[in-house]
Structure formats: C-alpha cells, structure tokens
Amino acid sequence: MINSGSSSLKYRLLDMPGAAVRLDAVVERIGRDDSHLRLRRPDTSDETQGCEWVGPIADHRAALAQVDASLRASGWGPEVGAADIVAHRVVHGGESFQGPALIDDQVVAAIRDHCRLAPLHNPANLAGIERCRELFPQVPQVAVFDTAFHQSLPASAYRYALPTDWYHRHGVRRYGFHGTSHASVLRQTAAFTRRPPEAFNLISLHLGNGASAAAIRAGRCVDTSMGLTPLEGLVMGTRSGDIDPAILFHMTRDSDLDLSQLETALNRDSGLKGLCGSNDLREIQRAVEAGDAAARLAIDIYCYRIKKYIGAYAAVLGEVDVLAFTAGVGENSASIRAQVCDGLESLGIAVDEQRNQYYQGGVGEIQAGAVKVLVVPADEAHEIARQALDCLHGVSA
Ligand code: ADP
C-alpha cells in the first residue's frame, strides 16, 4: 500500500486477507536535503528490526526508489516489486470513480485531470503511481480513492446553492473525503453487530487531525461534512471547518492578507490550533486541566460542531441505529466522546460512563441508550488493501 502525501510517502507491505503488517516504511520531508526514511518490521519486537536513513530525496519518485534500495540493502525483502498488488491511496477521484480502479493509462489520465480539484494531493499520488509503474510494470496497481465512498450522495446533498455552471464548468460540488475510513467503519460495524450493511443506519465520526462525519443509510453514504475540499465541516486540528464564506471578503477588505494567505490561514492556522495554539488534543486537555480558558473554549467549540452534525444527520437518516467514533481523538478520548453525546438522549444517544472510560481497543460498545455507540479502530491501510484485492478479483467494493 502506498500513500503519497504532499511531502511524505508511506509504504506498507500487508499479508492479505488478515492484513498483518510485514514492513512499514515512512519517508518524510521529501524535497529537502535532510529527508528521513524509517523502515520497520512490526511483526517483531526486536529493536534492531528497524533502520533509518537521512539524506536528500528530491521527490516521490526518488523516495520510492530509496525505499526499494533500502529494502534490498537491509536484506529484509521482499522489495516493493515482489508484492502481488500495489494499492495506491488517491485523494481525489472526482465524479469519475465510484470505487477502486485497476490502473491503466486512462485511469492515470483521469487522476491527472483531477489535480485541479486537489492540487496539493493528486500530483503527489500520481508521482507515486507513475514511479511504481516504471519500476514494477509486472505488478498490477490499483487506485483507491478517498472520495469514492461518497459518490452515492444524492444531488440534494452534494450540490451547493451556487450558479449552476460553477458545477458543470468548474466541478464545484461536495465530494467528501476520508472515504476509506468511513467505509472501514461501516464494514467493522457490520461485522461487530453481525448485520449486513443494508440493515442499519450509521453516523460515522472520523476524528483525527482531519475530521469528518458521514451519514450512511443502509450501507450507502447519503451525506458527509467535507466538501469540494477537506476544509468544510467539523472543527479540525488546524482547519476551520464551516465558516461564513463572507468572512473571506471581510478579511480581504479589513486586513492585509491576500487570498493565498487566507487559504493557508484556514487550512493550517485555524481549527483547534487557531483557537488555542495547539492542534494536539492531549496537549489541549492538559491545558484545560491547568485552567486554560482558551483551551476549554476550543474543546467546547469542537464538540458543539460535532453535536450539530449528529443532529443534522439524525434528521437526514430519520432513524439512527449506530453512532461510531474512530481515529486518533475518536478512539482515544473518552472525555470528547462523552461531551459530544451529552444531551442527545432525546435522539436515543447516550454514553455509559464506565464502558466509555474503560474502552480497551478493538470495536467497543459504550452506549447507555437505544442507539449503539461504538468505538471503532481506524484501519485505513487494511481497507485500502482489501478494496484493491477485491478490485483485482472483480468483486464490487
Ligand atoms: P491523522 O489525521 O493525522 O491520521 P490521528 O488519527 O492520528 O490523525 O489523530 C491525531 C489526533 O488524535 C491528535 O489531535 C492527537 O492529540 C489525538 N490523540 C491521539 N492519542 C490521543 C489520546 N490518548 N488522547 C486524546 N487524544 C489523542
């Protein structure tokens, strides 16, 4: 599985179908002289079973070549080219992909076409794909899209009330992201409750550094909080989530920030970080304990926004069977889960204090009301690998 970010590349070799991780490589600071490669074999606790490399790595192509070279040099094998399938996480599939796709020239062209919708991410994803196709032409490659799971949204949920030709000519609509994570939550929920996905309605909350909510009716996503870009929706680590768009016009008139600085401010200096100076929830919770009022307000705004989305999606779905929390904050912060659900008893949503506090990992049930409240481990790598395998074997995802 290859996940090429804007300045990073993650490579993971998984044994399927169980998804045991055999090798894990992360390259960070791509494009600098002190790029950093870390290789690990998580199947062993032996500290010597890891190695690091620091040096110049110009781009994603070079990063992948360095991963391959380090695997050969370490003798750990198998090299990247020995995999049976290479699955690539691709951020934006636009309206072209409702599921994973076996990569050929046409798919590459479509991903390139969508670079205008995700200028920070798709070019990096593409570089990883192109390099892999050159290096390992014999290995089938599959693209798994962050947007695909949300392609089932009805037009009433994905269209914005904007001039129609913005949609037709410029692709302006809600696409949604974190699709593999929400799909994984759906799959794990179905397995845990022993019900087919068609048999329940689910609100899925992915609360990590990025955060999004998805309303899933009978196995199909019908609404999600991220939009044309991942900026819309919930309050995130450094992204604002929903704001009045006129704030931007006001700021261009009332400050000396230009549009590109405002874009950076909304993506990197807002959210929890903008409100209290940190985007690390653990740090913020420590600050709250020390009496920091800005940190308290940041958490209150964060939880309030999530609660509003739960209310909205309860209305969208009509009936909610399961509310699921996943990702860094969703899995690890009992206090956020409790605060988010506090006061939702009229929707049948309530958290049991003991079960919430003592959640121990895996899929866990923490409800005290009629709606099942689950904590579900984020398992995106497994989901991406599984979808790639299904795609190759012609099973619909
Ligand atoms: P990413 O979106 O980068 O994958 P993660 O899913 O790893 O992010 O989530 C990162 C967030 O999870 C951070 O805000 C971090 O503080 C929070 N987090 C991680 N562990 C804990 C914990 N034990 N308690 C509270 N928050 C946590």
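Worth pointing out:
- Test: residue in the range 163-174 that is within 16 Å of the ligand (Cβ to nearest atom) and surrounded by fewer than 20 Cβ atoms within 10 Å (Cβ to Cβ): no
- Matching residues, the range 263-281, being part of a helix (DSSP H, G or I) and either within 15 Å of the ligand (Cβ to nearest atom) or surrounded by fewer than 17 Cβ atoms within 10 Å (Cβ to Cβ) (or both): Glu263, Thr264, Asn267, Arg268, Gly271, Leu272, Lys273, Gly274, Leu275, Cys276, Leu281
- Taking the criterion of being open to solvent by less than 60 Å² (accessible area, probe 1.4 Å) and not in a strand (DSSP E or B), the residues of the range 17-42 that qualify are Ala19, Ile30, Gly31, Asp34, Pro42.
- For Glu319: the one exception among (1) over 28 Å from Thr238 (Cα atoms); (2) out of contact with any strand residue (DSSP E or B) (no Cβ under 8 Å at 6 or more places or on another chain); (3) surrounded by fewer than 17 Cβ atoms within 10 Å (Cβ to Cβ): (2)
- Hits in the range 374-385 - residues which are closer than 30 Å to Leu23 by Cβ and either touching a helix residue (DSSP H, G or I) at 6+ places or on another chain (Cβ under 8 Å) or within 15 Å of the ligand (Cβ to nearest atom) (or both): Val375, Val376, Pro377, Ala378, Asp379, Glu380, Ala381, His382, Glu383, Ile384
- Per-region count, the range 328-373, residues out of contact with any helix residue (DSSP H, G or I) (no Cβ under 6 Å at 6 or more places or on another chain), outside any loop (DSSP other than H, G, I, E, B) and away from the ligand (no atom under 16 Å from the Cβ): 10
- Picking from residues in the range 282-292 that are away from the ligand (no atom under 12 Å from the Cβ) and out of contact with any Cys (no Cβ under 9 Å at 6 or more places or on another chain), the one that is least open to solvent (accessible area, probe 1.4 Å) is Gly291.
- A residue that is assigned by TED's automatic domain parsing to the domain that holds Ala265, under 18 Å from the mean Cα position of the chain (by Cα) and on the phi > 0 side of the Ramachandran plot occurs nowhere in the range 202-221.
The values are calculated or read from the model by the stated rules, or taken from the named source; none is laboratory data. Source: prediction; values computed, not measured. All Cβ positions, glycine included, derive from the backbone under ideal geometry; neighbour counts span all protein chains shown. Accessible surface areas use protein heavy atoms only, side chains included; no ligands, DNA or RNA. Shrake-Rupley method; radii C 1.70, N 1.55, O 1.52, S 1.80 Å.
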